[in-house]
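The values are calculated or read from the model by the stated rules, or taken from the named source; none is laboratory data. As the structure is a computational prediction, the values presented were derived from the model and not from experiment. Cβ placement follows ideal geometry from the backbone for every residue including glycine, while neighbour counts extend to all protein chains displayed. With ligands, DNA and RNA removed, areas are computed over all heavy atoms of the protein, side chains included. Shrake-Rupley method; radii C 1.70, N 1.55, O 1.52, S 1.80 Å.
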Amino acid sequence: MALQFHNTMSRRQEAFEPREAGKAAMYTCGPTVYNYAHIGNFRAYIFEDILRRTLRFCGYEVNQVMNLTDIDDKTIRDSIAAGMSLDAFTQQYKDAFFEDVDELRIERAEAYPAATDHISEMIDIITTLVEKGIAYVSDDNCVYYSIDKFPDYGKLAQIDRSGQRSGTRVKSDEYEKDSVADFALWKAWDEADGDTAWDSPWGRGRPGWHIECSAMSMKYLGPHFDLHTGGVDNMFPHHEDEIAQSEAATGETFVNYWLHCEHLMVNGKKMSKSEGNFFTLRDLLDVGYTGREVRYLLLAAHYRQKLNFRAPRNAETNAIEFVGLEEARTVLRRFDEFIRRLREAAASPDAGLDDATSLCATAESAFRTGLEDDLNISEALAAFFDFMRDVNKALDDSAIAGNAAELVLTTCRKFDSVLAVFDLDKGEKEAPAEILALVEERQQARQAKEFARADQIRDELTAAGWVLEDSPAGPRVKRT
Ligand code: AMP
Ligand code: ZN
């Protein structure tokens, strides 16, 4: 099977055929930088990371553009409330976003254009739409998109427009399906905007949110490109409006494949800032979880299924119990132990290369088949778990060692080019320097036959949360 994706536009799974052989151009709606992104937002960005890494795994050269929304209703509102300039206010959340991206092992996109750097491109598209008679200037000097002028309006979100009153308008960036209306492309300055305004043919003002993504996607990827993604809440109105703006301006199809990821939920509700039921990555790092654990939790469910973030409160202590993250931690410990055993086996004489070759080929093929099937991560992970079970069995019998163990490690590296959750290059170096120094001191004590001192050091290590194991390759420490 070749790579297939569920295309929101057709509501069907389709073979991926890029416009240019071997290349994939994709636009991913990025964060609105008015606060720290929460892990619901990061579910969308991790889905896009798995998409990007899968495309690369399948041999495509990826050109991914992710915008930074640094001007919209929310950034203006909150920068004014904070008494800061829009630039200084949004910069702190841009910086925080990239720190979180790195912590979550999300591969960087090729470009991160910011909306405030592309106002003239937005004005150009709006000018074209006005010239074509698709957009009009209202009596309060705003520019609106006339959805009646674009017969395809509603094709992505499948909106039934019969019986709809024409001529109603909506100025805010976010609105629901039942208030389908002409939407704002350019908003004339008003007091709530403070100092934020740009000159335009329609007077001072600022762009609407939707035009930002039409302008930045087409600037970097051209008027017609392969993939466009976001969370399901982006489908309407944001993506519907992007299609209307772009296709009416250029006369071309805008995007071939639309992919949308389902929400991260908390107690049956979408995790969102407005519900106040969110956790940022920082919240979770503060209570001792790692970016790798959060990443695994978010990637292990298929992107088109709702994922419940299980974090109930203990009835007695009222403390939050991060059940889902604890499970992720347990799984990652198994992965780490597997990698450790392989590294140890690789230091022994060669054995079992034929068996290892066949196990690796089977696992790699099943892993790829899973991903090719609309990023079926459950199938891909199942392929890895089966592989791990079989190889562990062989390791128990010392039936895979030396070059065969190296081959298995190389295969793990291929899986990790998509999953990015193994610690292939870290090993015991994970232990801090003072712990490694104690291990070394104990070695020397043993060599000097000072066994009482050696035992004392072992106890010190245990007290510090490390267990010592003597192996043929020397002593190792693991976290208890
Ligand atoms: P925003 O910063 O609100 O524009 O959202 C950034 C991205 O996160 C968009 O693609 C949203 O669709 C997505 N998103 C927001 N909340 C969630 C959630 N609870 N689960 C998954 N994705 C979400
Ligand atoms: Zn967007």
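If the Cβ limit is 6 Å and pairs must be 6+ apart or interchain, which residue in region 197-222 that is under 21 Å from residue 170 (Cα atoms) and free of Cβ contacts under 8 Å to residues at least 60 places away in the same chain pairs with which residue that is within 15 Å of ligand 1 (Cβ to nearest atom) and open to solvent by less than 20 Å² (accessible area, probe 1.4 Å)?
Sorted first by the residue in region 197-222, then by its partner, the pairs are 210/238; 210/241; 210/242.
So is residue 247 open to solvent by less than 10 Å² (accessible area, probe 1.4 Å), in contact with a Ser or Thr (Cβ under 9 Å, 6 or more places away or on another chain), among the acidic types (Asp, Glu) and in a helix (DSSP H, G or I) or not? Walk me through it before giving the result.
Details: open to solvent by less than 10 Å² (accessible area, probe 1.4 Å): no; in contact with a Ser or Thr (Cβ under 9 Å, 6 or more places away or on another chain): yes; among the acidic types (Asp, Glu): yes; in a helix (DSSP H, G or I): yes.
Against the criterion (open to solvent by less than 10 Å² (accessible area, probe 1.4 Å), in contact with a Ser or Thr (Cβ under 9 Å, 6 or more places away or on another chain), among the acidic types (Asp, Glu) and in a helix (DSSP H, G or I)), residue 247 does not qualify.
Across region 14-30, which residue is farthest from residue 374 (Cα to Cα) among those that are of a type in the set (A, V, I, L, M, F, W, C) and within 16 Å of ligand 2 (Cβ to nearest atom)?
Restricting to residues being of a type in the set (A, V, I, L, M, F, W, C) and within 16 Å of ligand 2 (Cβ to nearest atom), the top hit is 29.
Only one of these conditions is not met by residue 145: (1) open to solvent by 70 Å² or more (accessible area, probe 1.4 Å); (2) touching a Leu at 6+ places or on another chain (Cβ under 7 Å). Which number is it?
(1)
Got at least one residue in region 296-313 being open to solvent by less than 30 Å² (accessible area, probe 1.4 Å), touching a Lys or Arg at 6+ places or on another chain (Cβ under 6 Å) and farther than 19 Å from residue 376 by Cβ?
no
Go through 15, 24 for me and flag whichever is away from ligand 1 (no atom under 16 Å from the Cβ) and without any contact (Cβ under 8 Å) to a residue 40 or more places away in the chain. Full working, then the answer.
On the way: 24 fails: without any contact (Cβ under 8 Å) to a residue 40 or more places away in the chain.
Testing whether each residue is away from ligand 1 (no atom under 16 Å from the Cβ) and without any contact (Cβ under 8 Å) to a residue 40 or more places away in the chain leaves just 15.
Considering each of 191, 275 in turn, give the residue that is open to solvent by 30 Å² or more (accessible area, probe 1.4 Å), touching a strand residue (DSSP E or B) at 6+ places or on another chain (Cβ under 6 Å) and at pLDDT below 95.
275
Considering (1) open to solvent by 20 Å² or more (accessible area, probe 1.4 Å); (2) under 29 Å from residue 240 (Cβ atoms), say which one residue 113 fails and leave the rest.
Condition (1) is where residue 113 drops out.
When both residues are 6+ apart or on different chains and their Cβ atoms are under 6 Å apart, which pairs have a first residue that lies in region 266-284 and is under 20 Å from residue 95 (Cβ atoms), and a second that is more than 10 Å from ligand 1 (Cβ to nearest atom)?
Partner pairs satisfying both residue conditions: 280/36; 281/100; 284/294.
Restricting to region 198-215, and then to whatever is open to solvent by less than 10 Å² (accessible area, probe 1.4 Å) and within 16 Å of ligand 2 (Cβ to nearest atom), can you tell me which residue is nearest to residue 65 (Cα to Cα)?
213
Given the criteria part of a helix (DSSP H, G or I), open to solvent by 40 Å² or more (accessible area, probe 1.4 Å) and touching a helix residue (DSSP H, G or I) at 6+ places or on another chain (Cβ under 8 Å), does residue 77 qualify?
yes
Collect the residues in region 148-165 that are assigned to a loop (DSSP other than H, G, I, E, B) and open to solvent by 80 Å² or more (accessible area, probe 1.4 Å), keeping them in residue-number order.
Selection gives 151, 158, 160, 162, 163, 165.
Could you grab me the full set of residues in region 455-465 that are surrounded by 15 or more Cβ atoms within 10 Å (Cβ to Cβ) and either among the basic types (Lys, Arg) or farther than 18 Å from residue 478 by Cβ (or both)?
Residue satisfying the conditions is 458 alone.
Within region 335-347, is even one residue surrounded by 14 or more Cβ atoms within 10 Å (Cβ to Cβ) and in contact with a Cys (Cβ under 7 Å, 6 or more places away or on another chain)?
yes
Looking only at residues in region 219-237 that are touching a helix residue (DSSP H, G or I) at 6+ places or on another chain (Cβ under 6 Å) and open to solvent by less than 30 Å² (accessible area, probe 1.4 Å), which one is nearest to ligand 1 (Cβ to nearest atom)?
231
Filter region 226-253 down to residues that are free of Cβ contacts under 8 Å to residues at least 40 places away in the same chain and under 17 Å from the mean Cα position of the chain (by Cα) and give me whichever is farthest from ligand 2 (Cβ to nearest atom).
Only one residue tops the list, namely 232.
Consider region 264-312. How many of its residues are in a loop (DSSP other than H, G, I, E, B), in contact with a helix residue (DSSP H, G or I) (Cβ under 8 Å, 6 or more places away or on another chain) and closer than 17 Å to residue 32 by Cα?
So the answer is 4.
Condition test on residue 40, is it buried (at least 23 other Cβ atoms within 10 Å of the Cβ), in a helix (DSSP H, G or I) and out of contact with any Gly (no Cβ under 7 Å at 6 or more places or on another chain)?
So residue 40 passes the test.
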